[in-house]
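Following: one structure in structure tokens, then a few remarks.
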Amino acid sequence: MAATHLDVGLRCIKYLLCAVNSLFVLTGMMIISVGTTIYAVYEDFSHFLDPRYFSPATLLIVVGILIFVIAFLGCCGALRESTCMVLVFAVSLSVVLIMELAAAIAAYALQDDIKDLLADNINATMHQYGKNKEAEDAIDFLQSKLYCCGYNGYHDWEEIMKENQISLPKSCRPWSISDDIECGPDSGIACNVYSSGCVKHLSSLINKSVLYIGTGAVAIALIQFTGIMFACMLGKAIRRQKTERERRRWELRESLVNGYQPLGKADPLTTFPVVYMSPEPIKNV
């Protein structure tokens, strides 16, 4: 009866681990989608960001791919009742969990100086407006997508317009404003352009991305911790079941060996027939 309960418990843990692995596949897809989305957003504004800001999103994509491989390994180990594969699954999942926490910590650490970095980069790029086509496209894309003008406000363009002999970029104007309207310090510029600066909008976008990375990594780490616990329980159950099988096999072998008695060691009084012999030979008459 004990062996039966052991088999039932092992089967339950096995199916639970397979179900958790199926959940890992879904979470892996979510991690990859979040990582690629954030990476694409960062790529759009890569002109104003350092390469180190791409590392958390890249790490999430790598973690999502690893989860697919690890989930397959865990299912194979559970179905084949392989202690080695299950333990490798638990160790690999622990490494992935550490990587996710590292991505969350890195994302939160990078947001401290994001405003100063963006202000410097946007300001430097604005001074290249009208001189560098790449900088001009980057500024126009930034202002048109985030509905902003300048790094702190539209007043930031006044010095640059005088320095580079250019007019206010059309990307500072809302889509509802006609391109024929002249905008400048003397023509009601505040009424015809976006009033807020791009540093505020872009830093808010980065902070939201950091929040998504951190929250998603911690939530998925909790699910993975559950998977690690199931894997450890399954490994112990498999080892216990194998030990129980060996013990039962040994007991069966011992009972067969002890219950068998060779013919030469049997009791002669109960095994062999009794034959009476005369002390003298019988003579023929």
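The values are calculated or read from the model by the stated rules, or taken from the named source; none is laboratory data. As the structure is a computational prediction, the values presented were derived from the model and not from experiment. Neighbour counts are summed over all protein chains in view; Cβ atoms, including those assigned to glycine, are modelled from backbone coordinates with ideal geometry. Keep in mind that these areas ignore ligands, DNA and RNA; they rest on the heavy atoms of the full protein, side chains included. Shrake-Rupley method; radii C 1.70, N 1.55, O 1.52, S 1.80 Å.
Numbers for the structure displayed
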read-out: The range 240-264: number of residues that are under 22 Å from CYS76 (Cα atoms) and modelled with pLDDT of 75 or more; value: 2
read-out: Scope the range 45-61; condition loosely packed, with under 15 Cβ neighbours inside 10 Å and assigned to a helix (DSSP H, G or I); matching residues; value: SER46, PRO51, ARG52
read-out: The range 14-28 residues that are modelled with pLDDT under 75, paired with ones that are of a type in the set (S, T, N, Q) (beta carbon under 8 Å, 6 or more apart); value: VAL20/THR226
read-out: The range 208-225: number of residues that are in contact with a Leu (Cβ under 9 Å, 6 or more places away or on another chain) and either open to solvent by 10 Å² or more (accessible area, probe 1.4 Å) or not polar (S, T, N, Q) (or both); value: 9
read-out: Residues (open to solvent by less than 50 Å² (accessible area, probe 1.4 Å) and in contact (Cβ under 8 Å) with a residue 40 or more places away in the chain) located in the range 63-76; value: VAL63, ILE67, ILE70, ALA71, GLY74, CYS75
read-out: Cross-chain or 6+ apart pairs with Cβ under 6 Å, the range 95-106 first and closer than 9 Å to ALA217 by Cα, then polar (S, T, N, Q); value: LEU97/GLN224
read-out: Residue selected from the range 122-140 under the condition polar (S, T, N, Q) and free of Cβ contacts under 8 Å to residues at least 24 places away in the same chain, by the criterion surrounded by the most Cβ atoms within 10 Å (Cβ to Cβ); value: GLN128
read-out: Selection count where residues are touching a Phe, Trp or Tyr at 6+ places or on another chain (Cβ under 8 Å) and at pLDDT 80 or above, scope the range 47-67; value: 6
read-out: Condition broken by SER167, with the remaining ones in (1) assigned to a loop (DSSP other than H, G, I, E, B); (2) touching a Phe, Trp or Tyr at 6+ places or on another chain (Cβ under 8 Å); (3) without any contact (Cβ under 8 Å) to a residue 40 or more places away in the chain; (4) not aromatic (Phe, Trp, Tyr) satisfied; value: (2)
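Results for (1) touching a helix residue (DSSP H, G or I) at 6+ places or on another chain (Cβ under 6 Å); (2) surrounded by 16 or more Cβ atoms within 10 Å (Cβ to Cβ), shown as yes or no for each residue.
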site: ALA78; (1), (2): yes, yes
site: GLN111; (1), (2): yes, yes
site: ASP116; (1), (2): no, no
site: CYS148; (1), (2): yes, yes
site: MET161; (1), (2): no, yes
